[in-house]
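Working notes for the structure below.
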Amino acid sequence: MARGNGKEAVIEVRDLVVGFGDHIVLDHVDLDVYRGEILGFVGGSGAGKSVLMRTIIGLLPKRQGTIKVFGVDLAAASDAERQAIERRWGVLFQQGALFSSLTVRENLQFPIREYLRLSQRLLDELVVAKLEMVGLDASVLGKFPSELSGGMTKRVALARALALDPEIVFLDEPTSGLDPIGAGDFDSLIVTLQRTLGLTVFMVTHDLDSLHTICDRIAVLADRKVIAAGTMETMLASTHPWLRAYFHGKRSRATGREPARG
Amino acid sequence: MSDLLLREADEGGQLRMAGRGAWVAENAGMLEAEIDAATTDVTAKRVDIDMGRVEQIDTFGAWLLERLTRGFVARGASTNVFGLREDYRALMDEVRGVKPAQMPVRSGRSATGFIASVGKGVASVGATFVAFLNMLGAVSVALVRVMRRPRSFRFTSMVHQLDNVGWRAVPIILLITFLIGCIIAQQGIFHFRKFGADIYVVDMVGILVLREIGVLIVTIMVAGRSGSAYTAELGSMKMREEIDALRTMGFDPIEVLILPRLVALLIGVPILTFLGSMAALYGGGLVCWLYGGIDPDIYLQRLKEAISLDTFRVGMIKAPFMALVIGIVACVEGLAVKGSSESLGLQTTASVVESIFLVIVLDGCFAIFFASIGM
């Protein structure tokens, strides 16, 4: 795996081009995600943030470039290698994407059952442990996704993403649709889990508060490229017009206060 | 069995154990067995667990370690876990807080459960019937309201639905009814020939197709093709709260969604029935000519003698009623969809099965009715 500045890159995106028909969404994009960091990925609506995330996890085809995860080029990997990598990441989709015909318990056990042979007792205990980690309790076990509130759905979906103890989690707008208190709770939950489990977090977000409080590094997508990647201070100091508009705009009064992380 | 957990020494009421290797998800199955074996026969009052040689631990391993210590504590032993790497402290603290929960018991398939499900099934037939009547009433009310203000009728929507259920169904309906006509004629000729009554096959084809088969085949096709589509459309709209959104904007979903669909079926099905019957007669005639040696002129002449306008009417009168049944059932089932994709599948299945069943029952009722009025 490539090492830069003494940090190990778990995801390396090089020269990536993704497009639909005539429309090029990502044009020669480079991006590194280092082990153990929380990377906030921002960009305007429709700029292609989710497209990059979905391309990395293999849901969208790329036209050019390489994507290496844990040092393995996914395009060149065999099916078995791919599956081994997929087992090491978890994905939280924007709408949760819980299986609507399975209960919460079955949703959480689904990935574990697929990969591991464990006793029903251990499965049940683990599900409770995972739920408690995301701040829920055993009372939701028997519920179906349609019976959960928005915040609960996100938490259950996060628990499912974490079911196999992945090393990387991809979060697609984890705090969208949550009230500020719920979003704040979710942010601190992500930090707690990241520290506890030593996760690498790739987070697509619009939430400036999240960017301030929990992200170690921020990558910005604009004009079909990653125009900047670095800490919040770098972003605030940048003179790029889009960055100035984003971090110093009307909605970003939050930036007036001191960044929570030094 | 690998040795992720070693029993090092057991003396003087003091047990010393040591963990090794990777306590991670892949090894969780083995580890669980070792842990359960370790806690079965414990007499020690004090257990020391050395985790110094554990290289890696994840939620699975952490929980199993917690289960191990809880197992000892439950047997009256005090435990001391040491040597665990500092990075894993937070993870251990996290699982320590996990409360053992009572799992909801899976309802097994017992004999009483089976009988109960039969009972529920029977009761739900009644409930479906009530829902059917409910929808019929609601549609009638909406129809009266629309008749008073004809401009509020969703004409565009109706035409769109008519395109879907009528126009686009024409090729497949023509093909299937044509084939059915051919098959009836072929079977008729084959068996009637034994009695030298070949020519009566024309009577059979004419009466059977116009009175029964034409309308039945068409309505069964429509139930499978359009009824299921209605249920799935309305069901997914229900799932995504689109129907609630309509209500909050002051629209009546019956008027906006269901009435245009029903009207489209009421117009489309009789036309399809007519086209289907003609295709079946054509297919029958073709087989009579090619296979039975009955000249087309003779076929037509014999057909004129065999059928009357009433024969044709009987089939056509039934068509709109069957269309209504299919439409109402499809809409009732569509609105009965709950949050899950499974329920969408169940209701769509129910919609097709019920509407085909009801169409056939209705056909039987019509047969009795027409027989008694001498048509």
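The values are calculated or read from the model by the stated rules, or taken from the named source; none is laboratory data. Keep in mind it's a predicted model, so treat the numbers as computed, not measured. Neighbour counts run over all protein chains shown; Cβ positions are idealised from the backbone, glycine included.
Data overview
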{"item": "Among the residues listed as A:Ile24, A:Ile112, the single one being farther than 30 Å from B:Lys99 by Cβ and either in contact with a helix residue (DSSP H, G or I) (Cβ under 9 Å, 6 or more places away or on another chain) or hydrophobic (A, V, I, L, M, F, W, C) (or both)", "result": "A:Ile24"}
{"item": "Residue within the range A:161-178 that is at pLDDT 85 or above, more than 9 Å from chain B (Cβ to nearest Cβ), under 26 Å from B:Ala62 (Cβ atoms) and assigned to a helix (DSSP H, G or I) present", "result": "yes"}
{"item": "Residue in the range B:314-321 that is under 17 Å from the mean Cα position of the chain (by Cα) and over 14 Å from B:Leu210 (Cβ atoms) present", "result": "no"}
{"item": "All positions within the range B:77-90 that are modelled with pLDDT under 80 and either in contact with a helix residue (DSSP H, G or I) (Cβ under 6 Å, 6 or more places away or on another chain) or exposed (fewer than 11 other Cβ atoms within 10 Å of the Cβ) (or both)", "result": "B:Glu86, B:Ala90"}
{"item": "Answer from B:Ile373, B:Ile326 - the residue that is among the hydrophobic types (A, V, I, L, M, F, W, C) and modelled with pLDDT of 95 or more", "result": "B:Ile326"}
{"item": "Top-ranked residue in the range B:97-119 [being modelled with pLDDT of 75 or more and within 7 Å of chain A (Cβ to nearest Cβ); ranked as surrounded by the fewest Cβ atoms within 10 Å (Cβ to Cβ)]", "result": "B:Gly97"}
{"item": "Helices (runs of 4 or more DSSP H) contained in the range B:272-375 and holding at least 3 residues closer than 25 Å to B:Phe129 by Cβ and among the acidic types (Asp, Glu)", "result": "B:341-372"}
{"item": "Candidate set from the range A:115-140 (those that are facing another protein chain (nearest Cβ under 9 Å) and either touching a His at 6+ places or on another chain (Cβ under 8 Å) or small (Gly, Ala, Ser) (or both)); member that is farthest from B:Pro100 (Cα to Cα)", "result": "A:Ser119"}
{"item": "From the options B:Met51, B:Met17, residue that is under 25 Å from A:Arg88 (Cα atoms) and touching a residue at least 12 places away in the same chain (Cβ under 8 Å)", "result": "B:Met51"}
{"item": "Only listed residue being surrounded by 21 or more Cβ atoms within 10 Å (Cβ to Cβ), modelled with pLDDT of 90 or more and more than 27 Å from A:Pro145 (Cα to Cα), chosen from B:Thr231, B:Thr273", "result": "B:Thr273"}
{"item": "Residue tally, condition within 12 Å of another protein chain (Cβ to nearest Cβ) and either within 17 Å of A:Leu199 (Cβ to Cβ) or small (Gly, Ala, Ser) (or both), over the range A:91-114", "result": "4"}
{"item": "Residue match in the range A:32-46 (condition: over 15 Å from A:Val220 (Cβ atoms), among the aromatic types (Phe, Trp, Tyr) and at pLDDT 85 or above)", "result": "yes"}
{"item": "Residues that are farther than 17 Å from A:Val226 by Cβ and in a strand (DSSP E or B), drawn from the range A:11-37", "result": "A:Phe20, A:His23"}
{"item": "From the options B:Leu208, B:Leu216, B:Leu246, B:Leu174, residue that is crowded, with 18+ Cβ neighbours inside 10 Å, assigned by TED's automatic domain parsing to the domain that holds B:Leu346 and in contact with an Asp or Glu (Cβ under 9 Å, 6 or more places away or on another chain)", "result": "B:Leu216"}
{"item": "Hits in the range B:36-67 - residues which are more than 19 Å from A:Lys130 (Cβ to Cβ) and of a type in the set (A, V, I, L, M)", "result": "B:Ala37, B:Ala38, B:Val42, B:Ala44, B:Val47, B:Ile49, B:Met51, B:Val54"}
{"item": "Subset tally (residues that are within 14 Å of another protein chain (Cβ to nearest Cβ) and in contact with a strand residue (DSSP E or B) (Cβ under 8 Å, 6 or more places away or on another chain)) for the range A:194-209", "result": "2"}
{"item": "Test result for B:Val263, farther than 17 Å from B:Ser157 by Cβ, buried (at least 18 other Cβ atoms within 10 Å of the Cβ) and of a type in the set (A, V, I, L, M, F, W, C)", "result": "no"}
{"item": "Residue within the range B:121-131 that is surrounded by 10 or more Cβ atoms within 10 Å (Cβ to Cβ), without any contact (Cβ under 8 Å) to a residue 40 or more places away in the chain and within 14 Å of another protein chain (Cβ to nearest Cβ) present", "result": "no"}
{"item": "Residue list for the range B:50-64, filter: away from chain A (no Cβ under 12 Å) and either surrounded by 15 or more Cβ atoms within 10 Å (Cβ to Cβ) or not in a strand (DSSP E or B) (or both)", "result": "B:Asp50, B:Met51, B:Val54"}
{"item": "Members of the range B:47-68 that are over 23 Å from A:Leu193 (Cα atoms) and either of a type in the set (Val, Ile, Thr) or touching a Lys or Arg at 6+ places or on another chain (Cβ under 6 Å) (or both)", "result": "B:Val47, B:Asp48, B:Ile49, B:Arg53"}
{"item": "Selection from the range A:148-157 of residues that are in contact with a Pro (Cβ under 7 Å, 6 or more places away or on another chain) and within 14 Å of chain B (Cβ to nearest Cβ)", "result": "A:Thr153"}
{"item": "Residue check for B:Met204: in contact with a helix residue (DSSP H, G or I) (Cβ under 6 Å, 6 or more places away or on another chain), within 18 Å of B:Ile328 (Cβ to Cβ) and assigned to a helix (DSSP H, G or I)", "result": "no"}
{"item": "Filter result for B:Gln186 (polar (S, T, N, Q) and touching a Lys or Arg at 6+ places or on another chain (Cβ under 8 Å))", "result": "no"}
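Yes or no, residue by residue, for (1) free of Cβ contacts under 8 Å to residues at least 60 places away in the same chain; (2) in a loop (DSSP other than H, G, I, E, B); (3) loosely packed, with under 15 Cβ neighbours inside 10 Å; (4) at positive phi:
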position: A:Ile85; (1), (2), (3), (4): yes, no, no, no
position: A:Gly90; (1), (2), (3), (4): no, no, no, no
position: A:Gly96; (1), (2), (3), (4): no, yes, no, yes
position: A:Leu102; (1), (2), (3), (4): yes, yes, no, no
position: A:Arg105; (1), (2), (3), (4): yes, no, no, no
position: A:Gln109; (1), (2), (3), (4): yes, no, no, no
position: A:Arg113; (1), (2), (3), (4): yes, no, yes, no
position: A:Leu126; (1), (2), (3), (4): yes, no, no, no
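Rundown of residues vs (1) within 14 Å of chain B (Cβ to nearest Cβ); (2) under 15 Å from the mean Cα position of the chain (by Cα); (3) closer than 25 Å to A:Arg35 by Cβ, yes/no style:
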site: A:Leu189; (1), (2), (3): yes, yes, yes
site: A:Leu211; (1), (2), (3): no, yes, yes
site: A:Arg217; (1), (2), (3): no, yes, yes
site: A:Glu233; (1), (2), (3): no, no, yes
site: A:Leu236; (1), (2), (3): no, no, no
site: A:Tyr246; (1), (2), (3): no, no, no
